[in-house]
Amino acid sequence: MSKHLAPARALATSVLSVFLLLTTTSCHQSQINFVNEIEKQNRLFKSNQPLRQPDEIQQKKLDDHLSILKRFNQNPDEFARSIIKKERHYLFEAVVDPEVTIRVGRLGDGGKWICDPQCLGEKPIVYSVGVGEDISFDMDMAGLFGAQVFMFDPNPMVAKNFPARDEGYECGAGRLFYQAIGLGPISSEKGKEWELVIDGKHCPAKSLADLAASFHHPTVDILKIDVEGGEYAALHQILSSGTLNQLGIKMILVEFHFWQDELFKDFLTLINALTEQDYLIYRKEFNATNIKCAEYAFVHKSFLY
């Protein structure tokens, strides 16, 4: 390990403290003395060598990420309250830099970022949870990379657009499959974990492990989740059950929705759990039409190194 990495960790903690001070103080109430701040940071920087090597810079990004989670774990409720709403999606940035990233699907809402597709191999398995009104990501994954894309969405409005076809739909070198089923659990409320009702209709839902078992898939390469707030309960179950490790999932693409304030603490808990299981952010994208939503792309470290 580089001799510069330990000082970088100290620097990460200091920079985080300044960031939190700025995010918890409105611009109209700011009493920051910039001269004092410069003098304070100057004393810290003087004890360090400039970051020059890629591994030093990479470690700095990871240390910043871990410092935020350390503060969160010390007092989750207080930390969640301390981050003002408009800054919440700025809290976490990309931690790792893959060799190649590419946006798959249309330019607007619906497109997703994947990384190093050249390393996926032939006919990668993609689970796309939440179809809605756009399947551009699914079609491009099949057409560009020969993926076998399994789309899940129990919404009756979606189901009517997919006539029953067990053999799926050919799309370039890949193939698309659809099932009118949701990813569960859909709620953390006791007794309603699997109660999925859309437009007054009770819809089926299965866990990720059960979905994979139903297709006899021992592994899944990419998991995409865009389910308008249902991601929280589903991800908690996926993480606590060990399903990610069992299926060897390489990438997780999820849109997080902050419909209610209390979901932000849930979001922090999930980021912490994903980090503990070696899933790190490689791309983040704001939803241009709704500041309460943002896309996060995670990759397992073993896929990069």
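The values are calculated or read from the model by the stated rules, or taken from the named source; none is laboratory data. On a predicted model such as this, the values are computed, not experimentally measured, just so you know. As a convention, Cβ positions derive from the backbone with ideal geometry for all residues, glycine included, and neighbour counts pool all protein chains shown.
Restricting the search to region 209-239, which residues are outside any loop (DSSP other than H, G, I, E, B), farther than 19 Å from TYR296 by Cα and touching a residue at least 24 places away in the same chain (Cβ under 8 Å)? Reasoning before the result, please.
Start the filter on region 209-239 by keeping residues that are outside any loop (DSSP other than H, G, I, E, B), which leaves 209-214, 222-225, 231-239.
Applying the additional criterion that residues be farther than 19 Å from TYR296 by Cα yields 209-214.
Residues satisfying the conditions are ALA209, LEU211, ALA212.
Looking at LEU22, LEU11, LEU69, LEU5 in this structure, which one is at pLDDT 95 or above and within 27 Å of the chain's Cα centre (by Cα)? Full working, then the answer.
On the way: LEU22 fails: at pLDDT 95 or above; LEU11 fails: at pLDDT 95 or above; LEU5 fails: at pLDDT 95 or above.
Selected residue: LEU69, the only one of LEU22, LEU11, LEU69, LEU5 that is at pLDDT 95 or above and within 27 Å of the chain's Cα centre (by Cα).
Can you work out which of the residues in region 278-295 that are within 16 Å of VAL96 (Cβ to Cβ) and of a type in the set (A, V, I, L, M, F, W, C) is farthest from the chain's Cα centre (by Cα)?
My answer is LEU280.
One line per residue, one yes/no per condition, for (1) within 14 Å of the chain's Cα centre (by Cα); (2) assigned by TED's automatic domain parsing to the domain that holds LEU62; (3) at pLDDT 95 or above; (4) not aromatic (Phe, Trp, Tyr):
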| position | (1), (2), (3), (4) |
| --- | --- |
| ILE84 | no, no, no, yes |
| GLU87 | no, no, no, yes |
| TYR90 | yes, no, no, no |
| ALA94 | yes, no, yes, yes |
| GLY105 | no, no, yes, yes |
| ASP109 | no, no, no, yes |
| LYS112 | yes, no, yes, yes |
| CYS115 | yes, no, yes, yes |
| GLN118 | no, no, yes, yes |
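Please go through region 264-297 and pick out each residue that is closer than 21 Å to GLY108 by Cα and in contact with a helix residue (DSSP H, G or I) (Cβ under 6 Å, 6 or more places away or on another chain).
So in region 264-297, the residues closer than 21 Å to GLY108 by Cα come out as 281-297.
Result: ALA294, single match.
Just wondering, is there one or more residues in region 164-185 that are surrounded by 14 or more Cβ atoms within 10 Å (Cβ to Cβ), in a loop (DSSP other than H, G, I, E, B) and touching a residue at least 40 places away in the same chain (Cβ under 8 Å)? I'd like the intermediate steps shown before the answer.
Narrowing region 164-185 to residues surrounded by 14 or more Cβ atoms within 10 Å (Cβ to Cβ): 168-169, 171-172, 174-185.
With the extra rule that they be in a loop (DSSP other than H, G, I, E, B), the set shrinks to 168, 172, 180-181, 184-185.
Still in the list and also touching a residue at least 40 places away in the same chain (Cβ under 8 Å): 184-185.
Yes, region 164-185 contains a residue that is surrounded by 14 or more Cβ atoms within 10 Å (Cβ to Cβ), in a loop (DSSP other than H, G, I, E, B) and touching a residue at least 40 places away in the same chain (Cβ under 8 Å).
Starting from residues that are of a type in the set (A, V, I, L, M, F, W, C) and surrounded by 18 or more Cβ atoms within 10 Å (Cβ to Cβ), keep the ones in region 281-305 and report whichever is nearest to LYS70 (Cα to Cα). Talk me through it step by step, then tell me what you get.
Here is the first cut: in region 281-305, the residues of a type in the set (A, V, I, L, M, F, W, C) are 281, 286, 288, 291, 293-294, 297-299, 303-304.
Remaining after also requiring surrounded by 18 or more Cβ atoms within 10 Å (Cβ to Cβ): 281, 293-294, 297-299, 303.
On the way: ILE281: 17, CYS293: 24, ALA294: 23, ALA297: 21, PHE298: 19, VAL299: 21, PHE303: 25 Å.
Filtering first and then ranking leaves ILE281.
From the set of residues in region 188-207 that are out of contact with any Pro (no Cβ under 9 Å at 6 or more places or on another chain) and at pLDDT below 85, which is farthest from SER240 (Cα to Cα)?
Residue satisfying both the conditions and the ranking: GLY200.
Among (1) surrounded by 19 or more Cβ atoms within 10 Å (Cβ to Cβ); (2) more than 23 Å from the chain's Cα centre (by Cα), where does ASP153 come up short?
For ASP153, the failing item is (2).
Is it fair to say GLY172 is closer than 20 Å to PRO156 by Cα and either modelled with pLDDT under 95 or touching a Leu at 6+ places or on another chain (Cβ under 8 Å) (or both)? Write out each step before concluding.
Details: closer than 20 Å to PRO156 by Cα: no; either modelled with pLDDT under 95 or touching a Leu at 6+ places or on another chain (Cβ under 8 Å) (or both): yes.
It is false that GLY172 is closer than 20 Å to PRO156 by Cα and either modelled with pLDDT under 95 or touching a Leu at 6+ places or on another chain (Cβ under 8 Å) (or both).
Restricting region 127-147 to residues that are surrounded by fewer than 19 Cβ atoms within 10 Å (Cβ to Cβ) and farther than 22 Å from ILE186 by Cβ, which is nearest to the chain's Cα centre (by Cα)? Spell out the reasoning first.
The first filter runs over region 127-147 and keeps only residues surrounded by fewer than 19 Cβ atoms within 10 Å (Cβ to Cβ), leaving 132-134, 136, 143-144, 146.
After this cut, where a residue has to be farther than 22 Å from ILE186 by Cβ as well, the list is 136, 143-144, 146.
Details: SER136: 19, GLY143: 24, LEU144: 23, GLY146: 24 Å.
Looking at the filtered set, the residue picked out is SER136.
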